[in-house]
Amino acid sequence: MIKKSFSAFGLLLLGVLSQAQEIKFEEYDLPNGMHVILHQDNKAPVVTTAVMYHVGAKDEIANRTGFAHFFEHLLFEGTPNIKRGEWMKIVGANGGTNNANTTDDRTYYYETFPSNNLQLGLWMESERLRHPVINQIGVDTQNEVVKEEKRMRVDNQPYGNIMKAIKTGLFKKHPYKNTTIGEMEDLDSAKLEEFLTFFKKYYVPNNATLVVAGDFKKEETKKLIDTYFASIPKGAPIVRNLPQEDPITKETVMTFTDPNIQLPAYLYTYRTPSDKTRDSKVLDMISSYLSNGKSSVLYKKLVDQDKKALQVQAINLGEEDYSVFAFFAIPLGTTTEATLRSDIDAEIKKLQTTLISEEDFQKLQNQFENQFVNANSSIQGIASSLATYHVLQGDANLINKEIEIYRNITREDIRDVAKKYLNSNQRVIINYLPEKK
C-alpha cells in the first residue's frame, strides 16, 4: 500500500514538473520559405543556433548512397568568408561548441555560444547555406574522413553492421534499405557535379528550419535573422514520391556474417509504422517494458535468471516513413537460437493475450515522464527537439504535447498493438554470425 502511494505521488510530482517546464516558443516563415522557431530563455547566458535540413539518406539516388552524411562533413569546409580549416577554430576561439549529425530523414547542424556571440552563430549558419565552398579538394579530403569513420564505427566494430543487416532484411524498395553512412564505392564514383546538384536541390531555405534557443532579445534576433537569411533565394519545391514496401506476410530467415565477432547474435525484426503514428508511441512503451533496465522482462528472464543470454534488447527505431522494431540477443554458453526465439516469442504472446500489471504500467509511465523532462533539460536539447518535431512530425508543439500521447496509452493499447505488429509471419529473422576464417 505504501509502495503504491509512493508511485502515485511520484507520478503526480513528475506531472507537475513537466507542466511547469512547458516550452514556450514562437515560429514563423521567412518569405523564402525558411521556417524559424525562437525559444527565449534568459536564465543562463548561452544560446544555440541550429538549422535542420529535411534531407537524409532516404533522399539519395541509386548507387549514390552516403551523400546526406557526406554533406554533414563537407559543409564544414568553409565559405568565401571562412577559410578552409577555420570553421572549428572560429567557434572555439569564441567560446563555443558545435556539431552536426545525419539520419535517414534529416541533417542537423548547430553552434552553442555565449549569448553575446549569437550574431556569429547566425552568420556562420547563413554562410553554410548561402555559399559553401564545394570543390574537388574538399570532396577528396572529406571522402577520406568518411572512410575512416566507416572503418572505425562500422567495418572494424564488433556487430557494427547490425543496422545494415536489419535494413537489408526489412526493406526491398524504400531507400531505408541503405545505411546512412552509405557505401564507399558510391562516394568514390561520384563526380563533383553530383555533389553540387545535391546541394542545390536540398540545401535551400524552403527545406530548412532555423532554431534559436537560449538567452537573446527577440526583436533584435528577428532583425539579425532577416539580415542573414531572408535574401537567400528560395529553391525549387521538393517532391518526394518514394516507393512503398509490400506488407511482410511470411516469416523469412537470412544470414549475415561479421569478421569482427566471436559470438553470434540473433535478431527478430519487424517493419512497423511511421514514428508520426500513435501506434509507434505504443511500440516505444513495449520496447521499454521488455528490455529497459535490469528489472525489465527480457533481461530479468534471459540474462539474470535463466542465464541463457549474454545480452538481450528490444528496440523501437522510429523513422519518418516506416519504423523498425527489433529484438537483439547474444546467446550464453550452449543456448541455441531456437531457445532464444521460443523465450522471446513467449513474452510476445503474453503481451498479446494478457494485460501487463498495473504496477508495471505505472513504472512505464514514470519512465516516460522522466525521459520527457530530461530530453528538454538543456538549451541544446530544446533546440534539437523543436527542430525535430517540426521537420519530422509537422508540429513543433509536440515538445509540450507528446507526453500526453504517452500518458493516454492504456494497457489495452499495449496488448492490441503487440497483437497487430509483433507476429511471426510479419518478421525477418537474422542470424548474425561470425565470419568463418
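The values are calculated or read from the model by the stated rules, or taken from the named source; none is laboratory data. If you're wondering where the values come from, they're calculated on a predicted model, not measured in any experiment. Here the Cβ is made from the backbone with ideal geometry for all residues, glycine too, and neighbour counts use every protein chain on show. Keep in mind that these areas ignore ligands, DNA and RNA; they rest on the heavy atoms of the full protein, side chains included. Shrake-Rupley method; radii C 1.70, N 1.55, O 1.52, S 1.80 Å.
Descriptive notes on the structure:
- Of the criteria (1) under 17 Å from THR269 (Cβ atoms); (2) open to solvent by 20 Å² or more (accessible area, probe 1.4 Å), which one GLY169 fails: (2)
- Selection from the range 366-379 of residues that are in a helix (DSSP H, G or I) and at pLDDT below 95: ASN366, GLN367, PHE368, GLU369, ASN370, GLN371, PHE372, VAL373, ASN374, ALA375
- Scanning the range 266-295 for residues that are open to solvent by 40 Å² or more (accessible area, probe 1.4 Å) and not in a loop (DSSP other than H, G, I, E, B) yields a count of 3.
- Residue list for the range 156-166, restricted to those being surrounded by fewer than 16 Cβ atoms within 10 Å (Cβ to Cβ) and either free of Cβ contacts under 8 Å to residues at least 12 places away in the same chain or within 24 Å of ALA100 (Cβ to Cβ) (or both): ASN156, GLN157
- Criterion (in contact (Cβ under 8 Å) with a residue 60 or more places away in the chain, in contact with a helix residue (DSSP H, G or I) (Cβ under 8 Å, 6 or more places away or on another chain) and crowded, with 17+ Cβ neighbours inside 10 Å) met by exactly one of PHE76, PHE71: PHE71
- Being under 16 Å from ASP321 (Cβ atoms) and in contact with a strand residue (DSSP E or B) (Cβ under 7 Å, 6 or more places away or on another chain) is a condition met by no residue of the range 286-297.
- The residue pairs whose first member lies in the range 218-247 and is among the hydroxyl-bearing types (Ser, Thr, Tyr), whose second member is modelled with pLDDT of 95 or more, and whose beta carbons are closer than 6 Å, counting only pairs six or more residues apart or on different chains, are THR221/VAL212; TYR228/LEU122; TYR228/TRP123; TYR228/SER126.
- Selection count where residues are open to solvent by 50 Å² or more (accessible area, probe 1.4 Å), assigned to a loop (DSSP other than H, G, I, E, B) and touching a residue at least 12 places away in the same chain (Cβ under 8 Å), scope the range 322-355: 4
- When the helices (runs of 4 or more DSSP H) confined to the range 174-235 are screened for residues that are of a type in the set (D, E, K, R) and open to solvent by less than 40 Å² (accessible area, probe 1.4 Å), those reaching at least 1 such residues are found at 184-189.
- ASN116 vs. criteria in contact with an Asp or Glu (Cβ under 6 Å, 6 or more places away or on another chain) and open to solvent by 20 Å² or more (accessible area, probe 1.4 Å): no
- Reported count of residues in the range 238-265, each being open to solvent by less than 90 Å² (accessible area, probe 1.4 Å) and either of a type in the set (Val, Ile, Thr) or outside any loop (DSSP other than H, G, I, E, B) (or both), is 10.
- Members of the range 119-151 that are open to solvent by 40 Å² or more (accessible area, probe 1.4 Å), polar (S, T, N, Q) and part of a helix (DSSP H, G or I): GLN119, GLN136, THR141
- Unmet requirement for ASN98, which otherwise passes all of (1) touching a residue at least 24 places away in the same chain (Cβ under 8 Å); (2) assigned to a strand (DSSP E or B): (1)
- For the range 35-74, the set of residues classified as small (Gly, Ala, Ser) and either assigned to a loop (DSSP other than H, G, I, E, B) or more than 20 Å from HIS131 (Cα to Cα) (or both) consists of ALA44, GLY56, ALA57, ALA62, GLY66, listed by residue number.
- Qualifying residue in the range 419-433 (condition: of a type in the set (A, V, I, L, M, F, W, C), open to solvent by less than 40 Å² (accessible area, probe 1.4 Å) and in a helix (DSSP H, G or I)): no
- The range 382-392, subset open to solvent by less than 40 Å² (accessible area, probe 1.4 Å) and not β-branched (Val, Ile, Thr), residue farthest from SER274 (Cα to Cα): ALA383
- Subset of the range 310-321 that is of a type in the set (A, V, I, L, M), open to solvent by 50 Å² or more (accessible area, probe 1.4 Å) and under 30 Å from THR107 (Cα atoms) - its residue that is farthest from the chain's Cα centre (by Cα): ILE315
- Scanning the range 165-198 for residues that are over 24 Å from TYR53 (Cβ atoms) and among the hydrophobic types (A, V, I, L, M, F, W, C) returns ALA165, ILE166, LEU170.
- When the residues of the range 356-374 are filtered to those that are buried (at least 16 other Cβ atoms within 10 Å of the Cβ) and under 19 Å from the mean Cα position of the chain (by Cα), the one that is nearest to TYR53 (Cα to Cα) is PHE372.
- Residue satisfying all of: in the range 37-64; over 28 Å from SER377 (Cα atoms) and open to solvent by 10 Å² or more (accessible area, probe 1.4 Å); modelled with the lowest pLDDT among these: ALA62
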